[in-house]
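S.K.: Questions regarding the structure given below will be posed in turn.
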Amino acid sequence: MADPPQDAAAPARLQIATDDSPERVLLSLAGELDIASAPLLERAVDDVDRPLVIDLAEVTFMDSTGLRALLLARQQAQNGGHELALRPGPRQVQRVFELSGTLERFQFEE
């Protein structure tokens, strides 16, 4: 019996593309933002010292741990004296913000 392909059962991983300019840092996320991948986002925002935009357009799934990572990023930005904006994700991602009552805690841009 042949083993199934390794990636057939593996969850979608989070990929983070960074566009770093003098004015702001743009993090474009793709994949699942969940308990397994949230630490990747947390590390990516650790040293950001200017306005930050996180693009959620390609996020396929987000759980409460992913939401927590975004809330921590928001807090870090505020503590550092700069802004955090989110680019909206697909309906299922935006629904997490709505159900958790955190939609109004974030600035969304198009």
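S.K.: Every residue in region 14-55 that is charged (D, E, K, R) and either surrounded by 19 or more Cβ atoms within 10 Å (Cβ to Cβ) or more than 20 Å from PHE108 (Cα to Cα) (or both), please.
M.R.: GLU32, ASP34, ARG43, ASP46, ASP47, ASP55
S.K.: Go over the candidates GLU83, GLU58, GLU110 one by one and state the one that is at pLDDT below 95 and touching a strand residue (DSSP E or B) at 6+ places or on another chain (Cβ under 9 Å).
M.R.: Matching residue, one of GLU83, GLU58, GLU110: GLU110.
S.K.: Only one of (1) surrounded by fewer than 15 Cβ atoms within 10 Å (Cβ to Cβ); (2) farther than 24 Å from PRO22 by Cα; (3) small (Gly, Ala, Ser) fails for GLY89. Which number is that?
M.R.: Looking at each condition in turn, GLY89 falls short on (1).
S.K.: Quick one: is ARG105 within 27 Å of PRO22 (Cβ to Cβ) and basic (Lys, Arg)?
M.R.: No, not satisfied.
The values are calculated or read from the model by the stated rules, or taken from the named source; none is laboratory data. Nothing here was measured: the structure is a model prediction, and the numbers come from that model. Here the Cβ is made from the backbone with ideal geometry for all residues, glycine too, and neighbour counts use every protein chain on show.
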